[in-house]
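I have placed the structure first, in the form of structure tokens, so that the comments after it can refer back to it.
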Amino acid sequence: MSKHCQIESNKKEGRKMSEQYYSRKCDSCGKGMEEGYMTSGERACSEKCMRMLISDEAFEDGMKEWKENGDCEWLFYTEWEQDWDLEEFLYLENGTEVKNPFFDNDKFKKLYRRA
Ligand SMILES: [Zn+2]
């Protein structure tokens, strides 16, 4: 099942903003994504995209490891969970990188820049 984070915020003026943001971007097709295949160096939104990145052969090897060991250290499927107010940048569906409008600078500083 495809999961994405839809953030809605009601501004003081009563204007409703609704936009879909993604925390990661596919290295193959460049689309925004919330879950997908991952290796040590690549991320891909689908099997097809991962096959493009690492080759069919490598992908088959990975799947074989899963079958035999129930685990594979270098190829797996994952979901990226985000603290949405702590990501400086997010991606739109077409892969455009945008500054996160919900970024909480104070919170970020408190967590990562200790005095
Ligand atoms: Zn893709």
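Scan the range 71-113 residue by residue and report those that are surrounded by 15 or more Cβ atoms within 10 Å (Cβ to Cβ) and in a helix (DSSP H, G or I). Scanning the range 71-113 gives a single hit, PHE108.
Every residue, every condition in (1) modelled with pLDDT of 95 or more; (2) more than 17 Å from the chain's Cα centre (by Cα); (3) under 27 Å from ASP106 (Cα atoms), yes or no:
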| position | (1), (2), (3) |
| --- | --- |
| SER18 | no, yes, yes |
| CYS26 | yes, no, no |
| GLU47 | yes, no, no |
| GLU68 | yes, yes, no |
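Being without any contact (Cβ under 8 Å) to a residue 40 or more places away in the chain and over 19 Å from GLU79 (Cα atoms) is the filter here, so list the residues in the range 18-52 that pass it. Listed by number, the residues that qualify are SER18, MET52. Looking across the range 26-44, just one residue is acidic (Asp, Glu) and near the ligand (Cβ under 10 Å from one of its atoms), and that is ASP27. Going by the structure shown, is GLU68 assigned to a helix (DSSP H, G or I) and exposed (fewer than 11 other Cβ atoms within 10 Å of the Cβ)? Taking the combined requirement at face value, the residue satisfies it.
The values are calculated or read from the model by the stated rules, or taken from the named source; none is laboratory data. Quick caveat: nothing in here was measured; it's all calculated off a predicted structure. Glycine also receives a Cβ, built like all others from the backbone with ideal geometry; neighbour counts cover every protein chain displayed.
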